[in-house]
1. Determine the per residue accessible area of region 146-241 with all protein chains present and a 1.4 angstrom probe, expressed in square angstrom.
2. Summarise the accessible area of the chain (1.4 Å probe, protein heavy atoms) by the percent that is carbon and sulfur.
3. Longer than 24 Å from Cα to Cα, which of 203/329; 89/332; 223/332; 89/310 are they? Say none if no pair is.
4. Between rounded, prolate and oblate, where does region 5-120 land on the alpha carbon gyration tensor, with a ≥ b ≥ c its root eigenvalues, rounded for a/c under 1.5, else prolate if a/b exceeds b/c?
5. Which order, highest average first, do 189-196, 1-8 follow once you tally other Cβ atoms within 10 Å for each residue and take the mean per peptide?
6. Charges on Cβ only, +1 for Lys and Arg, -1 for Asp and Glu, centred on the Cα centroid of region 226-367; of 250, 285, 337, which one is farthest towards the dipole's positive end?
7. Just order 62-68, 37-43, 159-165 by mean Cβ neighbour count inside 10 Å, highest at the front, would you?
8. Kindly provide the pair-distance distribution of region 173-314 built from C-alpha pairs, with 5 Å bins from 0 and whole-percent values in order of increasing distance.
Amino acid sequence: MNYDLREVSSHFQLYGTYVLGIPFGTGHINDTFALTFDQGGTYVRYILQRLNTSVFRKPELLMDNFVRVTAHIGGKIAAERLHNPACRKRTLELVRTRKEALPYYRDETGGFWRCYVFVENARTFDILETPEQAFQAARAFGNFQCELADLPGRLEETIPDFHNTVARLNALEAAAAADPLNRLSEVGPELDFIRARADECGKLLDLQAAGEVIERTTHNDTKLNNVLIDDLTGDGCCVIDLDTTMPGLPHYDFGDMVRTGTSPAPEDERDLSRVTMRFPMYEALLRGYLAGAGAFLNPVEKSLLPFAGKLITLEIGIRFLTDYLDGDKYFKVHRPGHNLDRCRTQLALVASIESQFDAMRRLVDSL
Ligand code: ADP
Ligand code: GN1
Ligand code: MG
């Protein structure tokens, strides 16, 4: 889709002359652009995003969450700066609209837009290069959970049952039964692999119902490219992509870090021999996450972190396969079979996690 980014940006409190707007990032859901403005000879960048309102059906409530979360974290960063003026931590800073100072703008076609300040001198990585990066990224996500532990009230669930793996499995079975595009015959081994693990899908939900693991405010989309790494210090300096920040289990966040931070291959790799759970990356993620969030986890919650890595990888595999059978309606795809390729990498990663599971458990028990 071609959007008139200059026109859209004119509705926000942005000053100077619009220079350029380009697509940015590799997200599967929203449309993200980087804008450049000339402000008296200095080029200043902003992020402009068009929210996917088929996925996020109550965008105004989502933006209420966004404002509450960023105000809460912003307050903590301001307090930290009083003691440590060199603190480089950031949170997303929304730019409000000119009219009514709203945190979003709706265009005449119903398009839902928001804008925030570009965090310079930092970047995201689709594939982590070193254990040190893994440690820093995981610590930032762990700190994020910790900072939100005293957020007043409960956030709106922007996507109900987002990490309900049993519901995700049921959705897959429904898609397989309907098979609208006759793709079922191509996915036999993948379905068998998932069905063989069906019993594990409800494990965290059962423990939550029994009160052994506790709901908190979590990010829920801790893909490693959703944290900005500071170019100067190498620290995870800003957690981004806050659309699914809502009530959840801490395991969902740690699990997605294992899914996205341990394999050297991209999420849609076709050469499955390249997909593997690198133990040193897992160890760094675990140590980093516990450095940020370890203080509030109970022993049962802590012991379930390796399982979380397996469960969330399986869950996303289930979601990619469901979307493939449904006709690629949810995740953006860039080639035929893209969602099936993504599903296969997830299942290969689950197998790699399973083959190292004992060692993963021993490590967490030793920390
Ligand atoms: P999506 O939902 O599409 O994943 P994100 O909010 O994660 O969208 O943004 C996409 C990419 O844009 C990120 O991976 C990051 O590289 C970049 N990005 C997002 N927000 C900022 C920001 N405030 N400053 C700098 N880069 C950003
Ligand atoms: C989507 O928006 P993005 O690309 O950060 C998805 C996540 C998946 C991820 C898989 C709202 O994240 O749940 O884990 O793709 N976000 C939503 O790459 O469904
Ligand atoms: Mg993202």
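1. 47 Å²
2. Accessible surface attributable to carbon and sulfur in the chain totals 52 percent.
3. Checking Cα-Cα distances, 203/329; 89/332; 89/310 exceed 24 Å.
4. oblate
5. Put in order of decreasing packing, that is 189-196, 1-8.
6. So the residue we want is 337.
7. For the peptides 62-68, 37-43, 159-165, the packing ranking is 62-68, 159-165, 37-43.
8. Taking every Cα pair in region 173-314, the percentages come to 2, 8, 15, 19, 19, 16, 11, 6, 3, 1, 0.
The values are calculated or read from the model by the stated rules, or taken from the named source; none is laboratory data. Note that the coordinates shown come from a computational prediction; the quantities given were computed from them, not determined experimentally. FYI the Cβ positions are ideal-geometry reconstructions off the backbone, even for glycines, and counts take in every protein chain you see. For the accessible areas, the whole protein counts, side chains as well, though only heavy atoms, and no ligand, DNA or RNA atoms are used. Shrake-Rupley method; radii C 1.70, N 1.55, O 1.52, S 1.80 Å.
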